[in-house]
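I have placed the structure first, in the form of structure tokens, so that the comments after it can refer back to it.
Each value in this text was obtained by applying a stated rule to the coordinates, not by laboratory testing. These figures come from a predicted structure and were not determined experimentally. Here Cβ is always computed from backbone atoms with ideal geometry, including for glycine, and neighbour counts include all displayed protein chains.
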Amino acid sequence: MQTIFVMVKCELGRAYDVADEMVQDIEQVSEVHSTSGQYDLLIKCYLPDGQDIGHFVTERIQTVPGIADTFTLIAFKAFG
């Protein structure tokens, strides 16, 4: 299992719509958090080993209406 975090910048006024769609429509999404700062949402996703992260982000995450920009982090190991 691969864990990735995707930071999402939303179009103005669309953060809650984007968060709702992520939780309801994308099964790999585990958690969605609203954040302050440069990005509006932090999304935690679990992908099967071998699944192409680039394709997942560009085809499943970035195509959600209301998303303006993304920044993806790949996690190596969870502690605790």
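Some points to look at:
- Residue check: Ala15 meets all listed conditions (1) touching a helix residue (DSSP H, G or I) at 6+ places or on another chain (Cβ under 8 Å); (2) surrounded by 14 or more Cβ atoms within 10 Å (Cβ to Cβ) but one, namely (1).
- Test for Phe71: is it surrounded by fewer than 17 Cβ atoms within 10 Å (Cβ to Cβ), over 13 Å from Ala15 (Cα atoms) and free of Cβ contacts under 8 Å to residues at least 12 places away in the same chain: no
- Output for the range 1-52, where each listed residue is closer than 17 Å to Asp69 by Cβ, small (Gly, Ala, Ser) and not in a strand (DSSP E or B): Gly13, Ala15, Ala19, Ser36, Gly37
- Hits in the range 53-70 - residues which are within 12 Å of the chain's Cα centre (by Cα) and in a strand (DSSP E or B): Ile67, Asp69, Thr70
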